[in-house]
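Notes for the one structure printed next.
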Amino acid sequence: MTAESVLSIQGKRSSGTPVRTENVIAASSVANIVKSSLGPVGLDKMIVDDVGDVTVTNDGATILKLLEVEHPAARVLVELAQLQDEEVGDGTTSVVIIAAELLKVADELVKQKIHPTSIIAGYKLACKEACRYIQNNLTMNTDELGRDCIVAAAKTSMSSKVISIDSDFFANMVVDAAMAVRTSDGKGGYKYPIKAVNILKAHGRSATESAIINGYALNCTVASHAMTKKITNAKIACLDFSLNKEKMKLGIQVLVNDPAKLEAIRQREADITKERIEKILKAGANVILTTGGIDDLCLKYFVEAGAMAVRRCKKSDLKRIAKATGATFLTTLCNLEGEESFEPTYLGEAAEVTQERVCDDELILIKGTSARTASSLILRGPNDFYCDEMERSLHDALCVVKRVLESSSIVCGGGSVEAALSVYLESFATSLSSREQLAIGAFAQSLLLKDATDLVPKLRAYHHSSQIKTEHSQLKYYGLDLIEGQVRDNKKVGVFEPTLSKLKQLKFATEAAITILRIDDMIKLEQEPSKESGYQQALKSGQLG
Amino acid sequence: MLGGGQPIIVLNQNTKRESGRKVQLQNINAGKMIADVIRTCLGPRSMLKMLMDPMGGVVMTNDGNAILREITVQHPAAKHMIEIARTQDEEVGDGTSSVVILAGEMLAVAEQYLEQNMHPLIIIQAYRQALDHALEALKDTLSVPIDINDDTQMTEVIKSCIGTKFLGQYGDLACGMALRAVRTVATTDESGRREIDVKKWARIEKIPGGAIEESCVLDGIMINKDVTHAKMSRKVENPRIILLDCPLEYKKGESQTSVEMTAETDFTRLLQIEEEHVKELCADILALRPDVVITEKGVSDLAQHYLVKAGVTCLRRVKKSDNNRLARACGATICNRTEELKESDVGTQAGLFEVKKIGDEYFTFITKCQDPKACTVLLRGPSKDILNEVERNLQDALGVARNLALEPRLVPGGGAVDMAVSNFLQQKAKGVSGVRQWPYSALAQALEVIPRTLAQNCGANIIRVLTALRAKHASGATSWGVDGEMGELADMNKLKIWEPLAVKEQVYKTAVETAVLLLRIDDIVSGSKKAKDGGEGARLPLTWEAWNKRGNLPKNIVH
């Protein structure tokens, strides 16, 4: 099994069945780790890193990212979860579990002397067939179901998370937030850039006191206490330069002959900034946001003009604010003539800008932006860990809402799709004559991984009759109610998932399973023995002596 | 065997993973442990704790948050418990001990249900439901409104809050101080929004020496500075004050400049310019006829000379925050460029400027301000450690006063409200369907921990007191609680022990949500990320064998 001497390099090589078995075991142990966090009765994991920082989470991708998996095949699954997270944002746990299950049944088939390539071919066929079946038979259009179903989809995504008990509250919040950032893509459709939903966390109070703000919340305070804390009909200037004393760039020297001119230079330094501020204020700005600093000596001008100036805002925040208010994000005041000027058109508008106290912090809220609506969520919770987990959960839910709104098609959750596919694929498999039949059968089998032994057959029976008899077609929406442990109509109860999420899950899981199945040989190189740095080696060998 | 007898290493060898029931029980234990540390700090008969940090510093306190901040814990769940004390402190400023004790108790009562194989989610649902009902009860039936302009009422409430603390012996004094400080800094902006920022506008200054009774709230500001020049006058009545944040000395420009001198006179001219500049600065200031000039930056000897000549007192290098408070107290605007000084920038609301020597240090008092919007709370006391504790107590009192000003509703203290809510929930529990009923009533039981601990800390017979209290509440006397001094039952209406509603609400919310978070965890993975050395070599590698041994073998893998 291990043939060390054959290789010219130091390392271990193993091939054939042991490798495959090993990979499968590694994959299933990864799946086992996340398994208990799936579904509405799933629980959380607590991950402590070596510094002692704690993360509490239910999100598959986050768990696996923090786990530091070493086994190469298991790493494929970790990356799979990451991929699902990036592409869809939700369903990261499911995708890992499906992939591991696919591998496990494939391993059984290989043991029965079926060549991996036939299994791969079968899997590919089955995946294609499954996707087709979902799209043709199982999807529902959100337009006919209305807002309720979008909220329901968000609720489904949250059901396994720490906020599940207040999912009604949060689901509505998430849908409102997603609606608020709706933008037209120019082709008659709409896009929902959920990144534009700003999520801020502040510990204190209770989770249910989290709030959605129709506007943009900025985690900064005004530069001087003397400034006004509230401005209505705000004209906002977004600047990407400091309003500091003007200073020459490094290396530039000014040589003067007349000592009196030195004084003039000094005077000028202070005046340049003053003139700039005057230009900005003259254009009508009363809220000035900048990524750079504002010198103390300049603050007085803003205070006297009754304007609000905020320094050291994050650039990404400012860009979004500029978009939302219709302001121009300025990196310099220079115009084409080489002069400095500030046009009133550069200003953005908002109905109200206020500084409000949240917890022990002050936040700047920009409400009623003119160009585009923006939204921010302020999350409250007993401690930072709770807030972090809430943020992750809400992010997932936002992704789900975005997918549902963009594709406007959903499927039933709670294992209903999986059961339907399993039944369908099994009957499909019998219609094939080749050896792929077995693989498709296996694919079908692996979709039914969700436990509860007595419920699954019942569910299968429902789905079978729904596919055979047309009058029972309503039964295809049946899924599991895991809290009560019953089979029920998930369409009625409102357990929905975006179609896209399901399709991607199937596709990604199949691809990952195929990748791992194709491996029949593993070479592991040993670490180079020398741990000393080049310098130490050189010192030892006397090269430096 | 599998993999040729070799263990298959999936995770990093340095990580340690524990899961299932064990983790849940561990978390509960950690929570209880932290609660036990704090337990004796509740109530009027509470004791101080002396904490020593590795550097040899000493903290003496009975403030829950201050204690927990100082102790270092390993267990992640225990860290959660410590965090909630901090949250409580930041949000309302009081009730830090109660929240930790309550959260610990809520975890403890959940333990038996976990052992009976009840799913954590059912417990959690019951807890959340109970919390909602408890909050409703607090708001609707158990709380009473208070008139915040009524001094005697307000003092009573603040007194019952600091009654448990070191400062309790000086009750009236401390209450008066807290109330006055909060009233001073309270402002209402145009939209009617009340803003009370104690942290920013009321500074607590501690000067060791003297007696605690000498502490007071100034109607103005005190700063730990002396005048810059010995000849400047140390006492000015009705001063005109100018606040600056620029240096009164020559400062070079920021760009790199060099002067090429050709003529001999150029050099003297250069020096002259510097002097002229300072002279101009002083002339600008003097044009406004100030009596006191205070700047955040330095003042050169030359500028001092000009100022002394004009009979102006000058202070330098005050802190930015002090300067801001000064501006609020005396009505001045902080100015940066002296040539832009205007009459309106001068502060005239202060009645007295005086430099006093206390101990061997000089302190500047700017007092007798008309309608000051900022103030200094001056604390005196025998030693630094005691002063620190007094400061913490006063912070709590300030927190209570602030909360009341923002939400003027009260609940009876001394464990009375906890008992009342507990009683209310016990009755509601009968209407809860299913298994959920048990954890629901368990939460009600957990609330009894507050009166129980109060009784315990004053050495009363816990069982007798508690049963008697339960009986009282069952007969509808919701304002009865435990008198923490005597260990007897008492009507809190008569004893006048009250707590702000905001504090109690926050305690319940935080405690329940923390318990919920900890109960949801069924797996702890520790030591992830690059562990740099093998120092903790005793950790179990997560190998196939190790799993096998612990019986964690995945069920669905075929051998």
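What to note about this one:
- Qualifying position, being more than 25 Å from B:Gly163 (Cα to Cα), at pLDDT 85 or above and crowded, with 20+ Cβ neighbours inside 10 Å, among B:Ile34, B:Ile28: B:Ile28
- Count of segment B:387-434 residues, restricted to those that are assigned to a helix (DSSP H, G or I) and among the β-branched types (Val, Ile, Thr), is 4.
- Criterion violated by A:Val358 - all others in (1) at pLDDT 80 or above; (2) under 30 Å from B:Ala515 (Cα atoms); (3) among the aliphatic types (A, V, I, L, M) satisfied: (1)
- From the options A:Ser431, A:Ser407, residue that is of a type in the set (Gly, Ala, Ser), out of contact with any Pro (no Cβ under 6 Å at 6 or more places or on another chain) and without any contact (Cβ under 8 Å) to a residue 12 or more places away in the chain: A:Ser431
- Residue among B:Leu135, B:Leu107, B:Leu68 that alone is assigned to a helix (DSSP H, G or I) and at pLDDT below 90: B:Leu68
- Looking at B:Gln153, B:Gln129, just one residue is within 21 Å of B:Gly95 (Cβ to Cβ), surrounded by fewer than 21 Cβ atoms within 10 Å (Cβ to Cβ) and not small (Gly, Ala, Ser), and that residue is B:Gln153.
- Where B:Ile148 falls short, out of the listed (1) within 14 Å of chain A (Cβ to nearest Cβ); (2) surrounded by fewer than 24 Cβ atoms within 10 Å (Cβ to Cβ); (3) closer than 30 Å to B:Ser479 by Cβ: (1)
- The set of residues in segment A:213-258 that are within 12 Å of another protein chain (Cβ to nearest Cβ), surrounded by fewer than 16 Cβ atoms within 10 Å (Cβ to Cβ) and closer than 19 Å to A:Gly306 by Cβ contains only A:Thr232.
- Applying a threshold of 6 Å to beta carbon distances and a minimum spacing of six or more residues, or different chains, the list of pairs starting in segment B:107-120 at a residue that is under 17 Å from A:Gly42 (Cβ atoms) and ending at one that is assigned to a helix (DSSP H, G or I) reads B:Leu114/B:Gln24; B:Pro120/B:Leu519.
- Residue within segment A:412-429 that is surrounded by fewer than 20 Cβ atoms within 10 Å (Cβ to Cβ), of a type outside the set (A, V, I, L, M) and at pLDDT 85 or above present: no
- Restricting segment A:266-285 to residues that are among the acidic types (Asp, Glu) and out of contact with any Gly (no Cβ under 7 Å at 6 or more places or on another chain), the residue that is nearest to the other protein chains (Cβ to nearest Cβ) is A:Asp271.
- When A:Asp148, A:Asp176, A:Asp107, A:Asp85 are screened for being modelled with pLDDT of 85 or more and over 28 Å from A:Ile33 (Cα atoms), only A:Asp176 passes.
- For segment A:31-76, filtered to residues that are among the acidic types (Asp, Glu) and facing chain B (nearest Cβ under 8 Å), the residue that is surrounded by the most Cβ atoms within 10 Å (Cβ to Cβ) is A:Asp44.
- In segment B:168-199, the residues that are among the hydroxyl-bearing types (Ser, Thr, Tyr) and at pLDDT below 75: B:Thr188, B:Ser191
- Among the residues of segment A:99-148, those that are closer than 30 Å to A:Ala178 by Cα and surrounded by fewer than 17 Cβ atoms within 10 Å (Cβ to Cβ) comprise A:Arg132, A:Gln135, A:Asn136, A:Asn137, A:Asn141, A:Asp143, A:Glu144, A:Gly146, A:Arg147, A:Asp148.
- Inspection of segment B:114-124 identifies no residue that is at pLDDT 85 or above, over 22 Å from B:Trp438 (Cα atoms) and assigned to a helix (DSSP H, G or I).
- Cβ-Cβ contacts under 8 Å between residues 6 or more apart (or on different chains), taken from a first residue in segment A:480-492 that is under 20 Å from A:Asp148 (Cα atoms) to a second residue that is at pLDDT 75 or above and surrounded by fewer than 21 Cβ atoms within 10 Å (Cβ to Cβ), are listed as A:Asp481/A:Arg488; A:Asp481/A:Val493; A:Lys491/A:Met140.
- Residues (within 22 Å of B:Val390 (Cβ to Cβ) and of a type outside the set (Val, Ile, Thr)) located in segment B:57-77: B:Gly57, B:Met60, B:Asn62, B:Asp63, B:Gly64, B:Asn65, B:Ala66, B:Leu68, B:Arg69, B:Glu70
- Segment B:236-271, subset among the β-branched types (Val, Ile, Thr) and either touching a helix residue (DSSP H, G or I) at 6+ places or on another chain (Cβ under 7 Å) or assigned to a loop (DSSP other than H, G, I, E, B) (or both), residue farthest from the other protein chains (Cβ to nearest Cβ): B:Ile241
- Condition check for A:Ile114: under 17 Å from A:Gln437 (Cα atoms), aliphatic (A, V, I, L, M), out of contact with any Ser or Thr (no Cβ under 7 Å at 6 or more places or on another chain) and not in a helix (DSSP H, G or I): yes
- The set of residues in segment A:183-209 being more than 14 Å from chain B (Cβ to nearest Cβ) and touching a residue at least 60 places away in the same chain (Cβ under 8 Å) consists of A:Thr183, A:Gly189, A:Tyr190, A:Lys191, A:Tyr192, A:Ile194, A:Ala196, A:Val197, A:Asn198, A:Ile199, A:Leu200.
- Odd one out for A:Gln355 among (1) within 17 Å of A:Ala196 (Cβ to Cβ); (2) part of a strand (DSSP E or B): (1)
- Qualifying residue in segment A:6-13 (condition: free of Cβ contacts under 8 Å to residues at least 60 places away in the same chain, touching a Lys or Arg at 6+ places or on another chain (Cβ under 8 Å) and either surrounded by 24 or more Cβ atoms within 10 Å (Cβ to Cβ) or facing chain B (nearest Cβ under 9 Å) (or both)): no
- For the residues B:Lys231, B:Lys225, B:Lys235, B:Lys279, the requirement of being surrounded by fewer than 20 Cβ atoms within 10 Å (Cβ to Cβ), closer than 28 Å to B:Ser344 by Cβ and out of contact with any strand residue (DSSP E or B) (no Cβ under 8 Å at 6 or more places or on another chain) singles out B:Lys279.
- Boolean, A:Asp107 is part of a helix (DSSP H, G or I), in contact with a helix residue (DSSP H, G or I) (Cβ under 9 Å, 6 or more places away or on another chain) and charged (D, E, K, R): yes
- Only a single item in (1) among the hydroxyl-bearing types (Ser, Thr, Tyr); (2) surrounded by fewer than 19 Cβ atoms within 10 Å (Cβ to Cβ); (3) under 31 Å from the mean Cα position of the chain (by Cα) is not met by B:Ser422, and it is number (2).
- Exactly one residue among A:Ile134, A:Ile120 is within 30 Å of A:Ser431 (Cα to Cα), more than 14 Å from chain B (Cβ to nearest Cβ), touching a strand residue (DSSP E or B) at 6+ places or on another chain (Cβ under 7 Å) and modelled with pLDDT of 85 or more, and that residue is A:Ile134.
The values are calculated or read from the model by the stated rules, or taken from the named source; none is laboratory data. Predicted model, so just to flag it, every value in this text is computed and none were measured. Glycine also receives a Cβ, built like all others from the backbone with ideal geometry; neighbour counts cover every protein chain displayed.
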